[in-house]
Amino acid sequence: VWVRKSSVAAGGADYNGDQPRLVLKRNVAAGITQDIVLATMTVGLDTWEQLVGTTPAVTDDAVLEVVVDCNGTAGFINVDDWEVV
């Protein structure tokens with residue numbers, strides 16, 4: 001997934017939280033007992049970065065939930081082009 005943090009220079013507010021993360025959510029039926037961080041953003045404001053991760057093997061048929069999380073109190077993030085390979 002591609003992710004970008006907002007900035008004043010791009011017409012918004014500077015995103016001020018921790019780096020956004022690509023997170024695989026807990027799914028006990030699939031053998032995933034806790035949330036797993038697959039990737040963490042490293043670039044600065046107003047720059048697109050691709051976050052990529054590999055999920056662990058699952059123990060049963062299941063639907064996996066993957067999210068991008070953020071916790072800023074100013075600004076926002078953009079998320080674009082989810083792809084499952």
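Observations on the model:
- For the range 8-48, the carbon plus sulfur part of the accessible surface works out to 48%, probe radius 1.4 Å.
- Most to least accessible of GLU49, GLU65 (protein chains only, probe 1.4 Å): GLU65, GLU49
- What the chain shows is 64 Å² of accessible area per residue, with the surface traced by a 1.4 Å probe over protein heavy atoms.
- Cα-centre dipole for the chain with unit charges at Cβ (Lys and Arg positive, Asp and Glu negative), debye to 20: 180
- Two-site FRET efficiency, ASP81 against THR33, from Cβ-Cβ distance with R₀ of 41 Å, rounded to 0.05: 0.85
- For a label point 7 Å along the Cα-to-beta-carbon line of GLN50, residues of the range 1-19 with backbone N under 18 Å: 1-5
- Cα-based values for the range 13-85, radius of gyration first and Dmax second, are 13.9, 44 Å.
The values are calculated or read from the model by the stated rules, or taken from the named source; none is laboratory data. All values reported here derive from a predicted model rather than from experimental measurement. Cβ sites come from the backbone with ideal geometry, for glycine too, and all protein chains shown count toward neighbours. Note: accessible area is taken over every heavy atom of the protein model, side chains too, but ligands, DNA and RNA are not part of it. Shrake-Rupley method; radii C 1.70, N 1.55, O 1.52, S 1.80 Å.
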